[in-house]
Amino acid sequence: MNLPKNLKINPLLLGILMVLLFYSPYLWLGQDSVWYANDYLELVVHWYKLLIDSGSMFHPNDTGIAGMLGILPRGSYASEFSLMTWIFYSLDTFHAVLFNKLLIHLIAYLAAYYFLISLTKDIIRGPVYLYALFWACSPFWPEAGIGLAFVPVLFVMFYKLAQGEILRLSHIFLLIFYCFYSSVHLNGIFVLAVIGLVGSYDLMIRKHFRTSYWLALTLLFIAYLGSNYRLFDIYYFQRDWFVPHRVEFDIYSFGRYHDAFWSKLIQILFMGQVHAMYISPLVYVSLMGYMMYLLRQEGRQAWKRHRLMIGLFLGIHVVALLAALFTYLPLVERISLVLKINQFSFERFYFLIYPCMLFLFVLMLDQLSHLGKKYSKQVAYVLGISVLSYNFFILDDNVKNQLIKPMLVIGEKYPTYRQFFAEEQFAEIKAFLVEDRAGEVKYRVGSIGMHPAIASYNGLQAIDGYTSNYPLAYKHFLYEVLEQELGLPDKENWLYWHFQGWGNKAYLFNHTLGDDFMRFKWRESLEIKDPKYNFEKLQSLGCKYILSAVPVIHPQLNLKKVFTHTNSAWDVHVYEVVLFKEQI
């Protein structure tokens, strides 16, 4: 069948189809696709599932929700004014995870396309629908929603408002949409700060007061307050019944991640960050090479002719340098003000680097392809295809683990979504426990060598868990369980500070595994001997069973059964917690 010669395909639609094709493996593999934990599967997915399954979405903040860390108040979960909450409410859990990912990348494509056609039509001559793919096909952190993916739209909007454009209804809709599909503490606070600083500079230096600009910023602030009202309420205004564990949060006490300045700087510039997005090292390397080429070819004239590119490139280094310094403990310890701000990861403004870096990369490709030099166009094609290929084959968790690793016989096997949550296996475990307890359902479990989220996801009541807001009293009680195992609070005992200084992971830590809760059944077998838990305290939390991915030898743990399953990443050892007086 021959297509009509005058048939034209809308380039925007063609780009959207390319994004869908890029992520199509997730669609046809379904639950047999690979999703890394990375503060998502083990942190967020079961968090939404517990909220939706409890039926407490609209309940008051003090409503108890069972499932992890005993019982958490409703205020510790996501607001009903979050679009992600509604995604998980409207779909089953896996399809909510899948839809969220696809929606983020489609919105990222539209955001990049809008940015390029709005602000760069005079400097970009190449195909915008292809250039937008570099942004859309980047691996965004799904927990943050469109917090980063939508930044190009925010830039265009506030740039135009700063130029005197009037605030319109479309602006208001987009601002509210952004707030409802992003996180105030992961992205929002930094976006607000940057927009506020730019506006203040325009006001004080250029003497421009743009009413619409400041109204939009105020609206953004109010929308964040409204959409996160549960978080602000329970954290600041309910201290009579809820004291959050973060009042003891000291990010700098967890020194294991704050003593390597150069590796942090290199990671930010060359590879990206998990809490923002990963990038190909080729992006930074090629930009550095191009800047050196411009300076060599044009000398001092390069700054006049390429002020935007060179200025942005230098700005990226300033931001990366500050982000690395703010987490470098030897420096932080000398600045008392920074040391006191220890409850917030304020170095995460580094996420603003990546829209700038990829915009520069697109600008470089466009200039190379129209440079007129020998092989310059071919170099641009090779660089562009290489970066997109790197995103698809290396940075995409699914393709990397399903295709590249097996083909090259490298790297460790990573479980699929189905294997990670192991629903079929846990159905067997739950049936066994019901029978073992003679029908009693009022019991809880703890997890060793596997994330507690797996037990919670499958409907078991967990005494442990991973969340950013739970009662301080619970942390103190769990510390009484772990005290002897965690050891003394010396500077080198990072496991102690992992729990006491950070504390978001309220897990059954032990020194054999450390922070390793991914002991898949195909990994090297380890055995935990005599963990120094306070089993009396553990049982007083309601913990009747320990689910362990590895064998645990202790006189107060009675092995009931080992569960294996072909569709599971775990060999689950089910231990009953017994006290010495129960053994007599």
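The values are calculated or read from the model by the stated rules, or taken from the named source; none is laboratory data. Computed from a prediction, not measured in an experiment: that's the story for all the values here. Using ideal geometry, Cβ is built from the backbone for each residue, glycine included, and neighbour counts are taken over all protein chains shown. Accessible surface is based on the protein model in full, side chains and every heavy atom, while ligands, DNA and RNA are left aside. Shrake-Rupley method; radii C 1.70, N 1.55, O 1.52, S 1.80 Å.
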Among residues belonging to segment 347-372 that are open to solvent by 40 Å² or more (accessible area, probe 1.4 Å) and of a type in the set (A, V, I, L, M), point out the one that is farthest from residue 134 (Cα to Cα).
-> 371
Please indicate, with yes or no, whether at least one residue in segment 510-521 is among the hydroxyl-bearing types (Ser, Thr, Tyr) and either more than 30 Å from the chain's Cα centre (by Cα) or closer than 24 Å to residue 43 by Cβ (or both).
-> yes
Looking at (1) modelled with pLDDT under 95; (2) open to solvent by 10 Å² or more (accessible area, probe 1.4 Å), can you tell me which one residue 49 breaks?
-> (1)
Given the structure, is residue 208 open to solvent by 10 Å² or more (accessible area, probe 1.4 Å) and in contact with an Asp or Glu (Cβ under 6 Å, 6 or more places away or on another chain)?
-> yes
Residue satisfying condition, being under 30 Å from residue 356 (Cβ atoms), among the small types (Gly, Ala, Ser) and either buried (at least 19 other Cβ atoms within 10 Å of the Cβ) or within 18 Å of the chain's Cα centre (by Cα) (or both), within set 15, 67 = 15
So residue 10 clears everything in (1) open to solvent by 30 Å² or more (accessible area, probe 1.4 Å); (2) touching a strand residue (DSSP E or B) at 6+ places or on another chain (Cβ under 8 Å); (3) of a type in the set (S, T, N, Q) except one condition, right? Which one?
-> (2)
In segment 471-503, the residues that are closer than 22 Å to residue 246 by Cα, free of Cβ contacts under 8 Å to residues at least 60 places away in the same chain and among the polar types (S, T, N, Q) | 493
Residues that are in a loop (DSSP other than H, G, I, E, B) and either closer than 18 Å to residue 472 by Cβ or within 21 Å of the chain's Cα centre (by Cα) (or both), drawn from segment 47-61 | 61
Sole exception among (1) at pLDDT 95 or above; (2) more than 17 Å from the chain's Cα centre (by Cα) for residue 102, by number = (2)
